[in-house]
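The values are calculated or read from the model by the stated rules, or taken from the named source; none is laboratory data. The structure presented is a predicted model; accordingly, all values stated were derived computationally and were not measured. Positions of Cβ are backbone-derived with ideal geometry, glycine not excepted, and every protein chain shown enters the neighbour counts.
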Amino acid sequence: MSKLTAAITAVGGYVPKFILTNKMLEGMVDTNDEWITSRTGIKERRLLKDDEGKGASYLGIKAAQDLINKRKVDPTEIDLVIVATATPDSMVTSTAAFVASEIGATNAFAYDLLAACSSFLFGMSTAASYIESGKYKKVLLIGADKMSSIIDYTDRTTCIIFGDGAGAVLFEPNTEGFGLHDEFLRADGSGRQFLGMDAGGSLMPATEETVKNRKHYIYQDGKNVFRFAVSNMADIAAKIMERNGLSDKEVAWLVPHQANKRIIDATAKRMGLDHSKVMVNIHKYGNTTSATLPLLLHDYEDQLKKGDNLVFAAFGGGFTWGSIYLKWAYNN
Ligand code: UT7
C-alpha cells in the first residue's frame, strides 16, 4: 500500500460584518490611509463588535459550519477538533470543546493550540500527524481569533493591523500522494519581549494596576518583529523548496501569513515567485492571527487545482515560525 498522507479535503471561512476602514481609523488615532496602505497593504479589517457578547468560538463555529454545509460532512464522524487561537473565549476552559459541541461533533475530543500567528501552521502539523499515524480519520482544524478583544484602539502601532476572523480545514487520509509532504517548524523564546500581552496570564495576573496601565492589550515592537519575520519566513520557505526539489515553476501557490504586505513580497521574491502565485487578502482583513492561512484557502479555493504544490509560511509571537509543503487534493 502507498504511504498514508494527510490531505485537506474541505475548507470553510467566516469574517464578521462590521468593517473598520483606514478612513475610520483616521478619526480614532493619529494615522492616515496612505501610511497604513504603503507600510502594511491593509485597507480595511473586520471586527466582531464587543456588544454582541461573542468570543473567538463564535467565529470558529461559523467557519466550521460553513465547511460542514459546503461539503456535507457528518459532524458526528469528526474524531478531533483543534482550535488554533491566541484569543480563546476564556482562560482554562477549552474553546475547542465548546466549538465541537456547538457544531455537533459529539464523538470528537477537542483542544486549543496556541502559538500566536503560527498557531494554524503548527496545527496543520499536529492534525496531519494524527491522520498519518492511522489513529484518526477526520481532524477538523480551525483558526479563529477575535483580535479586537486585545487591541487598544488608542494605540496606532497595533490597532491599524489586526482584524477578526476564522477559517477551517478538514484533514483526511490519502493514499494517492496528496496532502502534507514536508515541514520546517521553529521557535525562539527570546522573541517574547518583542510581541505579546503582558497581563492576564500566570506571570502577571489581572489587578487594578494592570488594567489601569493597559497591560491587557497586545504590544509589538514592530521594527524588530518585521526584521525577524522577513528573514525567517523567507529563509524557511526557500529552504522547504530546496529540500523538496521544487523550482519556482513547480510551486503553484505561496500561502503566507498576512502580517504585512512587505513581508509577503520579500518571501515571494526570495522564492523567485511571480505575484500571481501569491495568495493575498490582507487588504480586506488585516492580520487575523490564527485565521490568515485558512481564510486564504477559503478565498482562493475556486482557483486551486488537484495536484497544485502549495507552500505555507508563517511567523508570529514567541517567536514561532515555519513552512509547510502540501499537495492540494481536489478541484472545487
Ligand atoms: O503577525 C505577527 C507578526 N507581526 C509582524 O510580522 C509585524 C511586523 N512589523 C510590521 O509590520 C511593521 O513594523 C509595522 C507595520 C508594525 C510598522 O511599520 P514600520 O515601517 O516598521 O514603521 P515604524 O514602526 O518604523 O514607524 C515609522 C514611523 C515612526 O515615526 P518616526 O519615528 O519615523 O517619526 C512611527 O511613529 O511611522 C510612525 N507610525 C505611524 N504613523 C502613522 C507608527 N505607526 C503609525 C501609524 N500611522 N499607524
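So, Leu20, is that one buried (at least 16 other Cβ atoms within 10 Å of the Cβ), closer than 30 Å to Phe184 by Cα and either more than 16 Å from the ligand (Cβ to nearest atom) or at pLDDT 95 or above (or both) or not? Taking the combined requirement at face value, the residue does not satisfy it. Just one residue in the set Phe184, Phe226 is touching a residue at least 24 places away in the same chain (Cβ under 8 Å) and within 16 Å of the ligand (Cβ to nearest atom); that residue is Phe226. Only residues that are touching a strand residue (DSSP E or B) at 6+ places or on another chain (Cβ under 7 Å) and either touching a residue at least 40 places away in the same chain (Cβ under 8 Å) or not assigned by TED's automatic domain parsing to the domain that holds Ile160 (or both) were counted across segment 1-21, and they come to 14. Elements of the type strands (runs of 3 or more DSSP E) sitting completely within segment 45-163 and holding at least 2 residues that are without any contact (Cβ under 8 Å) to a residue 60 or more places away in the chain and within 24 Å of Leu185 (Cβ to Cβ): these cover 109-113. In segment 282-292, the condition of being at pLDDT 95 or above, over 25 Å from Ile218 (Cβ atoms) and within 16 Å of the ligand (Cβ to nearest atom) is met by no residue. Anything in segment 82-109 that is of a type in the set (Gly, Ala, Ser) and closer than 16 Å to Gln65 by Cα? List them, or say none. Of everything in segment 82-109, those that are of a type in the set (Gly, Ala, Ser) and closer than 16 Å to Gln65 by Cα turn out to be Ala96, Ala97, Ala100, Ser101, Gly104, Ala105, Ala108.
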